[in-house]
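The values are calculated or read from the model by the stated rules, or taken from the named source; none is laboratory data. None of the values given here were measured: they were computed from a predicted structure. FYI the Cβ positions are ideal-geometry reconstructions off the backbone, even for glycines, and counts take in every protein chain you see. All accessible areas refer to the heavy atoms of the entire protein, side chains included, with ligands and DNA or RNA removed. Shrake-Rupley method; radii C 1.70, N 1.55, O 1.52, S 1.80 Å.
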Amino acid sequence: MAKPVLLTVDDDAEVLRAVERDLRRRYAERFRVLRADSGAAALQALQGLKRRGASVGLLLADQRMPQMTGVEFLGQAMGIFPDAKRILLTAYADTDAAIRAINDARIHHYLLKPWDPPEEHLYPVLDDLLEDWMASFRPPFEGVRVLGTRWSPHSYAIRDFLARNQAPYQWIDVETAEQIAEVRRLVEAVGAEASSLPMVLFPDGSSLAAPSTAQLAEKLGLSVRPQMAFYDLVIVGGGPAGLAAAVYGASEGLRTVLIEMEAPGGQAGMSSRIENYLGFPSGLSGGDLARRGVAQARRFGVEILAPQQVTTVRVEGPSRIVKLAAGSDIGCKVLLIATGVSYRKLNVLGAERLQGRGVYYGSAMTEAMSSKDEDVYIVGGANSAGQAAMYFSKYARRVVMLARGESLSASMSQYLIDQIKRTSNIQVETRAQVVEVHGDFRLEAISIHCGDSNETERVPANSLFVFIGAEPNTDWLAGVVERDERGFILTGADLLRDGKRPQGWPLARDPYWTETSVPGIFAAGDVRHGSVKRVASGVGEGSIAVQFIHQYLSAV
Ligand SMILES: Cc1cc2nc3c(=O)[nH]c(=O)nc-3n(C[C@H](O)[C@H](O)[C@H](O)COP(=O)(O)OP(=O)(O)OC[C@H]3O[C@@H](n4cnc5c(N)ncnc54)[C@H](O)[C@@H]3O)c2cc1C
């Protein structure tokens, strides 16, 4: 934890040095002692400290300074750090002014110059005031802070990006500035305006106004550029399948790079609780699984580029070459596609316009705290919707699940159905469909069609979380590898038609189980035609793919 600050202000260089020396001698172990040679410089320093999220325990200012007196400075400083103890340093002749200032500028104490010996005239007073200050001191949050508004899609994207990349952050809703003085002071100190939101503040005092995720990634030190031009194995997609393949590939000696366009963890990283993954009897969150997977992959030397998107693939002789959204190419001997699936969009009036403004895809766990004591609507009847309902039930007043089917049992695991039944604030509506979402700037209401009554009801709503299935985004592979009519990648025996190998297949063997219609390009996990859409099967496919990759490499 960074030490709280003691700031002393005096235009007389000699006195300033003497105060600083005495403060350091007694308090340097517990406090950071700073000095300024004018009220204006001191106020500037305080604004900088506010931006950094630092805390200030004590301000010690000389009364007689040109431009700004000590009392004036302390009065203004109170607006930035109201809890800091304020002490005025005066000459004997100014005693009356100092006493008046105790009332006017709410000064906690005044000290007469000279204060020698400090053990008698300085430390007892400061010890007492600092003890008092420490008693109510709460260490400030020291990580990244995000200032924004709840209904802004950009603010949501930034928070989601930080959460999914395991970067702890504090969310500060600027709309609370009127009620919360500390938020108001911070907004003033950083000069946040509508055009600069969302604003991301870093512990080093720097900030980014309305950044893109790429700018944020760069600032956070996430790696987006490859270290080499050619690898043994390039993996596209950092979900369970990609991470598992990376761990096995690198641990078995392949120079491996994994490229992920959002955050490692994939869909699993968005899961609030995975309860059916072997080895974790009380379940684990997707974030936890992703963090462990990334750590394990890095330990074996996997290079992870994220966020970075692969946009095209081409084949040049024995090399497979991917193009990154950033523009550069990476070549490899073997390419593994583990790009999973992404959420299908709710195709109703208003949904596109209100995305990120109350309509969310996936668990959007970052929204849970904001939904406290509100009603939350969840669309979908499969496991992902059930998990989200359980998660939000801990925060929301009521969670309403809207499922199209007759019951949940056809689409959801029994353990989740049982948990939902036992949770009193979850209400399940079957044969229910959202037909329209309403709101100008943010979601305000949804229209639900009830299949039983054949009536449509409009209900007020702040948040709607959508889980209505997913589809592979594989258009970028069109013309390269064979896909089924829904875009899932065909591999192994699925490529054989009447026992014949795919067109253009050059080898005297059939494609391996996870191999695509192009030798040396493999696919694993949810993106593969016929795959079982589960974390464990993704991990299994990623690991098995590496075995076939070795067999392929041994023959080229
Ligand atoms: C909310 C939720 C809860 C779930 N709960 C469970 C559960 O409890 N148990 C269970 O077994 N399964 C669960 N699942 C399913 C499970 O998460 C998936 O089956 C699994 O994540 C699939 O892994 P994958 O690696 O194949 O793909 P994904 O997890 O989809 O990962 C693919 C990754 O590829 C990236 N990508 C895509 N295109 C590109 C590109 N062009 N360039 C770079 N990167 C790209 C994506 O950003 C993504 O991170 C859940 C799914 C969801 C959404």
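Before moving on, here are some points about what is shown:
- Subset of LYS323/LYS500; LYS219/LYS323; LYS372/LYS533; LYS50/LYS394; LYS85/LYS113; LYS219/LYS394 violating a 28 Å alpha-carbon distance limit: LYS323/LYS500; LYS372/LYS533; LYS50/LYS394; LYS219/LYS394
- Between LYS394 and ALA93, the FRET efficiency estimated from the beta carbon spacing at R0 = 51 angstrom works out to 0.20.
- Normalised contact order of the chain, rounded percent, pairs of Cα under 8 Å and 6 or more residues apart: 11
- Close amide H contacts of VAL400 (hydrogens built in the peptide plane, cut-off under 5 Å, sequence separation of 5 or more or a different chain): VAL376, TYR377, ILE378, GLN427.
- Mean separation of Cα pairs under 8 Å and 6 or more residues apart, divided by the residue count, gives the stretch 52-162 a relative contact order of 24 percent.
- Couplings for the stretch 291-298, taken from phi via the Karplus curve 6.51 cos²θ - 1.76 cosθ + 1.60 with θ = phi - 60°, read 4, 5, x, 5, 4, 5, 4, 4 Hz in order; Gly and Pro are left as x.
- Tensor-based shape of the stretch 185-292 (alpha-carbon gyration tensor, a/c under 1.5 rounded, otherwise prolate or oblate): oblate
- A straight Cα-to-Cα reach below 15 Å connects LYS345 with the aspartates and glutamates GLU436, GLU471, residues fewer than 8 places away in its own chain not being considered.
- In range of the label at LYS533: residues from the stretch 266-292 whose backbone nitrogen is under 16 Å from the point 7 Å along Cα→Cβ: 266-272
- Near ALA470, the amide H atoms lying under 5 Å from its own belong to ARG344; only residues 5 or more places off or on other chains count, and H is placed 1.01 Å from N.
- Close amide H contacts of ARG483 (hydrogens built in the peptide plane, cut-off under 5 Å, sequence separation of 5 or more or a different chain): LEU490.
- Antiparallel %, DSSP beta bridges [both residues in the chain], to 5: 35
- The Cα center of the stretch 480-519 and the Cα center of the stretch 154-212 differ in position by 49 Å.
- Backbone HN-Hα couplings from phi across the stretch 496-509 [Karplus 6.51/-1.76/1.60, Hz, Gly and Pro as x]: 7, 10, 6, x, 8, 6, x, 4, x, 5, x, 9, 8, 9
- Computed from the alpha carbon positions, the gyration tensor of the chain leads to an equivalent ellipsoid with semi-axes of 57, 31, 19 Å, biggest first.
- Nearest-ten-degree value, helix 383-393 long axis tilted from longest Cα axis of the chain: 20
- Exposure of ARG185 as accessible area (Å², to 10), given a probe of 1.4 Å and all protein chains: 50
- As a length-normalised measure over Cα pairs under 8 Å and 6 or more apart, the relative contact order of the stretch 444-534 settles at 20 percent.
- Modelled label reach - GLN170, point 7 Å along Cα→Cβ, the stretch 1-27 residues with backbone N closer than 16 Å: 1-5
- When the residues MET134, MET401, MET270, MET369 are ordered by accessible surface, computed with a 1.4 Å probe over the protein chains alone, the sequence from largest down reads MET369, MET134, MET270, MET401.
- Dipole moment magnitude, nearest 20 debye, the chain about Cα centre, only Lys, Arg, Asp, Glu C-beta charged: 1360
- Measuring only protein heavy atoms, the 1.4 Å probe finds LEU222 accessible over about 50 Å².
- For the chain, the residue among ALA368, THR491, GLY327 whose Cα projects farthest onto the positive side of the dipole built from Cβ charges is THR491.
- Scanning the chain for GluC sites (Glu not before Pro) lying in DSSP loops with no more than 13 further Cβ atoms inside 10 Å, the longest uninterrupted stretch between such sites is 194-351.
- Using just its DSSP H runs of length 4 or more, each adding -39500 (n - 2.57), the chain gives a mean residue ellipticity at 222 nm of -8500 deg cm²/dmol after division by all residues.
- Equivalent ellipsoid, the stretch 338-474 (semi-axes from 5 times Cα gyration tensor eigenvalues, Å): 20, 18, 17
- Percent of Cα pairs exceeding the 19 Å cut-off, where the set is the stretch 479-541: 26
- Accessible heavy-atom area order of TYR360, TYR169, highest first, probe of 1.4 Å: TYR169, TYR360
- Separation of alpha-carbon centers, the stretch 351-405 and the stretch 43-93, rounded to whole Å: 47
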